[in-house]
Structure formats: structure tokens, C-alpha cells
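Chemist: Okay, handing you the structure first.
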Amino acid sequence: MFDNLSDKLDKALHILKGHGQITEINVAETLKEVRRALVDADVNYKIAKDFTARVKEKAIGENVLKSLKPGQLMVKLVKDELTELMGGDAAGINLSDSPSIILMSGLQGSGKTTFSGKLANYLKNKKTKKPLLVACDVYRPAAIDQLHVVGEQINVEVFSDRGNNDPVAIAKAGVAHAKANGNNVVIIDTAGRLAVDEAMMTEIENIHKAISPSETLFVVDSMTGQDAVNTAKAFNDVLNFDGVILTKLDGDTRGGAAISIKSVVNKPIKFIGTGEKMEAIDVFYPSRMADRILGMGDVVSLVERAQEQFDEEEARKLQKKIAKNQFGFDDFLKQIQQIKKMGNMKDLVGMIPGAGKMMKNMDIDDDAFKHIEAIIHSMTPAERAKPQIINASRKKRIGKGSGTSIQQVNQLLKQFDQMSKMMKMMQGGGGKRMMQMMGK
Ligand code: GDP
């Protein structure tokens with residue numbers, strides 16, 4: 001996420017750290033580099049210029065030149081300003097109405113349907129919400145099918161009316177259906193065109209008027225850079241929407257949209273999409289994003305993601321198995337699947353402070369576990385439960401079956417053995433023992 005921008009800002013701020021004595025000249029030089037980095041990331045020139053002007057003003061106000069650690073102070077000023085530019089505090093969505101009606105708007109391909117599903121899934125997982133998805137794209141039958149596929153995937157009901165070509169009527173019928181069926185959230189997916197046009201604007205405006213949504217969200221593809229900002233403006237003029245959803249932040253986006261959109265339409269970014277999977281949704285926290293852009297990682301989000309995937313019941317079962325020495329490869333496979341659900345690997349690594357920069361040229365992808373999974377899948381149930389029985393001929397068979405070498409099979413078995421021992425030690429009050437071993 002924003003690799004390029006992070007790199008350039010890092011270099012810009014290094015100018016300060018690299019100089020023995022910090023003078024007004026290098027502060028000015030740094031800010032010029034910061035501005036250039038922002039403009040390269042597709043931030044509007046004026047926004048970038050105002051940004052550095054504000055940082056400069058604060059730097060003078062806080063007497064950066066006389067401070068003990070001017071480099072660090074400058075980084076902090078840039079971080080604070082970046083946070084402010086992206087919206088300050090995180091903004092929630094209004095779910096107080098019953099049903100709460102959420103209207104999705106945006107261009108075709110921006111990720112509306114995918115995000116509608118993600119949001120429904122996110123709310124459903126909060127237990128108190130029973131969402132209904134409503135398909136209002138009457139122009140593309142495939143769009144209705146797509147929403148149904150998404151609904152099935154996440155086990156959320158989808159309301160559609162294929163014969164009807166009046167989106168306003170469908171939206172209303174969807175809301176009535178929700179009221180009759182106890183759905184306390186209605187998410188309305190609408191049609192989008194490839195570019196802003198009057199017919200589309202009138203249609204979404206009519207739907208908006210007819211259903212008075214609790215929340216109108218504008219979905220935009222972050223890869224579209226400055227265009228994203230212009231489209232946001234056009235939709236905001238008509239809908240006066242409540243918040244922005246930035247999708248495809250997992251891609252190679254330059255980040256300009258994330259940074260500029262709030263100051264152009266003065267509406268907060270509420271969620272971001274970070275992948276095609278239904279779990280790839282995050283609440284947008286401006287300060288955490290600023291940390292990530294400045295290469296400081298985002299441990300809080302990482303822990304939250306882990307917690308979301310954490311199932312207490314499963315964890316208890318696992319603990320019992322470990323205690324009884326019954327932790328096998330099937331359990332290991334389940335663990336891997338949970339990690340994979342947390343998001344794509346590169347994204348996760350990027351949340352570890354410092355690691356993103358260090359590992360950015362490494363080839364980390366979702367296939368990171370491919371070999372391990374293949375090896376485990378090639379084992380018989382008995383071998384998975386009792387890896388001790390895996391002898392040389394079994395290893396050979398497993399290697400062949402999984403398309404890996406005997407060395408790779410051996411390596412996994414060894415790692416698994418070490419891991420099992422470690423887990424056993426942590427369990428049996430051994431946490432303390434381990435700390436002692438580590439000399440703490
Ligand atoms: P719509 O026309 O606005 O409903 O857009 P879709 O939901 O159909 O999304 C268009 C394409 O973008 C699909 O191929 C989605 O899988 C993909 N997509 C949506 N959100 C994301 C995201 O956050 N990351 C990535 N990588 N792809 C996404």
C-alpha cells in the first residue's frame with residue numbers, strides 16, 4: 001500500500017536526519033521533497049502546497065530548529081498533518097435507524113457490489129445486525145447474479161426483482177421486505193456507469209429521495225487517482241453523501257485519492273477495501289493510515305484483524321489438544337486458513353513497523369503457504385493425526401503427491417515438531433520456564 005509515497009517521504013525526511021546541523025535551508029528542502037512526494041502520489045498540487053505550508057508554520061511555531069530532536073519532531077508534524085488531511089478521527093456509519101438504510105453509489109467497476117457484500121458480512125459478524133442486500137442494478141442482469149453469489153457466500157439474504165426495471169420501486173420494495181422480515185440493516189447496491197452521466201445521477205438521486213437513507217456511501221476505486229476526486233465531487237454535488245469507501249487499496253495505488261478526497265468533498269473516508277475477499281474490509285483510521293504511509297506500521301489493526309478471526313471455542317479445543325499431545329496437521333491446516341483470512345500477506349507484513357520497508361522487495365504473496373498446504377493435503381488422515389508414523393517411504397510418497405522435495409517435507413515435519421514442543425511448553429505453566437530459558 002502506497003509503497004512509492006512511503007519511500008519518497010522516508011527519503012525526504014532523511015534529509016533532516018542526515019544533516020549534522022539543521023538549518024532553515026534543510027527544513028525548506030525537506031518540505032519541498034515532501035511536497036514533491038505528495039504530488040507524485042497524485043495529490044492535487046494545491047492540497048500538497050497547503051499541506052507543506054501548514055507543516056512549515058507549525059515547525060516555526062514549535063521552534064523545530066532549536067528542539068533536541070528536530071528530525072523526529074518534523075516526522076511528527078508531517079504525521080499529524082497527514083492524519084488531519086485524511087480526516088482526523090475515524091468516522092462510523094449511522095446504524096441507529098431500524099432498519100438502517102445504506103445506499104451505495106459510485107461508478108461501474110468501483111467495487112460497489114463487492115463492498116456491499118463486505119459491509120453486510122462485517123455487520124452480520126457483529127451479531128446484533130441482520131442485513132438484507134438489495135439489487136437495484138436493472139441494466140445488467142449479471143450484476144443481480146453477482147450480488148446473489150456474494151449473498152450466498154456470506155449467508156446474507158438478497159432481495160431482487162428481475163422483471164422490474166424501475167430501481168426506485170425495487171429499492172422501496174426491498175426496504176418493505178426488510179421491515180416485514182426483521183432485517184435491521186438494508187444495503188442497497190445501485191447501478192453505475194463507466195463515467196458520470198446525467199441519467200445515472202438522476203436515477204440515484206431519485207432512489208435517494210424515495211428511501212431517505214440513513215447513510216449514503218460513495219464507493220471509489222483508489223487506483224483512479226485524481227479522477228477519483230473529480231468523481232467524488234460530482235456525486236457529492238447531487239447526493240451530499242455521508243462518507244467515502246476507498247476500494248482496491250491493496251493494489252499498487254499511489255495513494256493520492258486517500259489523501260486528497262477528504263479535503264475536496266469534506267466527507268470522511270469510512271471504510272477501505274483491501275482485496276477481493278469478503279473479509280478484506282477495514283474501518284478507515286486516518287492516524288493509522290498516516291503511520292503506515294510513514295513506514296511506522298499499524299500494529300493495532302494487525303491485532304484487531306487477528307481478533308476478528310479468533311474463535312474462542314476453537315481456541316479452547318486447540319488448547320485441550322495441545323495439552324493431550326494431540327495437535328496434528330489438520331489443526332495446523334486450520335491455523336493456516338485462519339491466518340489467510342486475515343488478509344493478503346503483503347498487506348499483513350506492511351502492518352509490522354519497519355517490516356514493510358525491509359521486506360517490500362521480497363516476493364510475499366498469498367501463495368506463501370502453498371507448499372505447506374500441498375504437503376499436508378498429501379498426507380493420510382492417520383499421518384496428519386500422528387506425524388511420528390511418517391517414515392522414509394511415506395515421506396517419499398508425500399513429496400511426490402504434493403510436488404515437493406523430500407527436503408521440503410522433512411523441513412515441514414521438523415518445524416511442526418519444534419512448534420508442537422514449544423506449544424506444549426507454553427501450555428504446562430511452561431510460559432515461565434520458557435522465559436527463564438530465554439534469560440528473562
Ligand atoms: P461494481 O461495478 O461497482 O459493483 O464493482 P464490483 O464490486 O463488481 O468490483 C469490480 C472489480 O473490482 C471486481 O473484479 C472485484 O473483485 C474487484 N474489487 C472490488 N473491491 C476490491 C478491492 O478492495 N481490492 C481488489 N483487489 N479488488 C477489488
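Chemist: Tell me, Arg316, Arg394 in order of fewest to most beta-carbon neighbours within 10 Å?
Modeler: Working: Arg316 10, Arg394 17.
Sorted ascending by nearby Cβ count, the order is Arg316, Arg394.
Chemist: Ok, one more. Please list the non-local residues whose amide H lies under 5 Å from the amide H of Ile269, H modeled 1.01 Å from N, same-chain partners needing a gap of 5 or more.
Modeler: It is Val244, by chain and number.
Chemist: How large is the helix-only mean residue ellipticity at 222 nm for the chain, computed as the sum of -39500 (n - 2.57) over DSSP H runs with n ≥ 4, divided by its residue count, in deg cm²/dmol to the nearest 500? Don't skip to the answer; put the middle values down first.
Modeler: Working: 21 runs with 252 residues, N = 440.
The helix contribution divided over the chain gives -18000 deg cm²/dmol.
Chemist: Counting only C-alpha contacts under 8 Å and six or more residues apart, can you give the relative contact order of segment 100-293 as a whole percent? Don't jump to the answer; show the numbers that get you there.
Modeler: Numbers: 384 pairs, mean separation 48.7, N = 194.
Value for segment 100-293: 25 percent.
Chemist: Still on this structure: How do Met379, Met419, Met201 line up, fewest other C-beta atoms within 10 Å first? Mind showing how you got there, number by number?
Modeler: Working: Met379 22, Met419 13, Met201 17.
Fewest-to-most Cβ neighbours within 10 Å comes out as Met419, Met201, Met379.
Chemist: From largest to smallest, what semi-axes in whole angstrom does the chain give when each is the square root of 5 times an eigenvalue of its alpha carbon gyration tensor? Mind showing how you got there, number by number?
Modeler: Working: eigenvalues 333, 257, 70 Å².
Ellipsoid half-lengths, sorted descending, are 41, 36, 19 Å.
Chemist: Then there is this: May I ask what percent, to the nearest 5, of DSSP beta bridges between residues of the chain are antiparallel? Let's see the in-between values first.
Modeler: On the way: 3 of 27 bridges.
If we restrict to bridges inside the chain, about 10 percent are antiparallel.
Chemist: Still on this structure: Quick one: work out the % antiparallel among DSSP beta bridges in segment 189-309, nearest 5.
Modeler: Details: 3 of 11 bridges.
That works out to approximately 25 percent antiparallel.
Chemist: Give the calculated FRET efficiency between Asn391 and Ala306 to the nearest 0.05, with a Förster radius of 35 Å applied to their Cβ-Cβ distance.
Modeler: Details: r = 36 Å, r/R0 = 1.04.
After rounding, the FRET efficiency stands at 0.45.
Chemist: Can you return the aspartates and glutamates within cross-link range of Lys317? Criterion is Cα-Cα under 14 Å, with same-chain partners fewer than 8 residues away left out.
Modeler: By straight Cα distance, Lys317 reaches Asp330, Asp331.
Chemist: If you don't mind, there's one more thing I want to ask. What number, in percent, do you get for the relative contact order of the chain if the mean sequence gap of Cα pairs under 8 Å and at least 6 apart is divided by its residue count? Can you show the working numbers first?
Modeler: Details: 691 pairs, mean separation 71.4, N = 440.
Here the relative contact order equals 16 percent.
Chemist: Report the full-extension gain for the segment Ala90 to Arg140: residue separation times 0.36 nm, less the Cα-Cα distance, to one decimal in nm. It would help to have the intermediate numbers written out before the result.
Modeler: Values: separation 50, 0.36 × 50 = 18.00 nm, distance 3.48 nm.
Extending this stretch completely gives an extra 14.5 nm.
Chemist: When only C-alpha pairs under 8 Å and at least 6 residues apart count, what is the relative contact order of segment 3-85, in percent?
Modeler: Values: 58 pairs, mean separation 25.8, N = 83.
Answer for segment 3-85 is 31 percent.
Chemist: Return the lysines within reach of Lys400: Cα separation strictly under 24 angstrom, same-chain partners fewer than 8 residues apart disregarded; answer none if there are no such residues.
Modeler: Answer for Lys400, where 24 Å is the Cα cut-off: Lys334, Lys370, Lys386, Lys414, listed by chain and number.
Chemist: Using a cut-off of 22 Å between alpha-carbon atoms, which lysines can reach Lys233, once sequence neighbours fewer than 8 places away in the same chain are excluded?
Modeler: Reachable lysines: Lys46, Lys49, Lys112, Lys209, Lys248, Lys262, Lys267, Lys270.
Chemist: Right, here's the next one. Restricting to bridges with both residues inside segment 100-293, how much of the DSSP beta-bridge set is antiparallel, in percent to the nearest 5? Don't skip to the answer; put the middle values down first.
Modeler: Working: 3 of 27 bridges.
Antiparallel bridges: around 10 percent, rounded to the nearest 5.
Chemist: OK, next. Where does the longest stretch of the chain lie that holds no chymotrypsin sites (Phe, Trp or Tyr not before Pro) found in a DSSP loop with 16 or fewer other Cβ atoms within 10 Å?
Modeler: My reading of the result: 140-309 is the longest stretch.
Chemist: Now a separate question. I want to check the label-to-label distance for Ser98 and His14. Put each point 7 Å from Cα in the C-beta direction and report it in nm to one decimal.
Modeler: 5.7
We did not get these values from a lab; they are worked out from the coordinates using the rules stated. Since the structure is predicted, the reported quantities are computational estimates derived from the model, not experimental observations. Please note: Cβ atoms are built from the backbone with ideal geometry, for glycine as well, and neighbour counts cover all protein chains shown.
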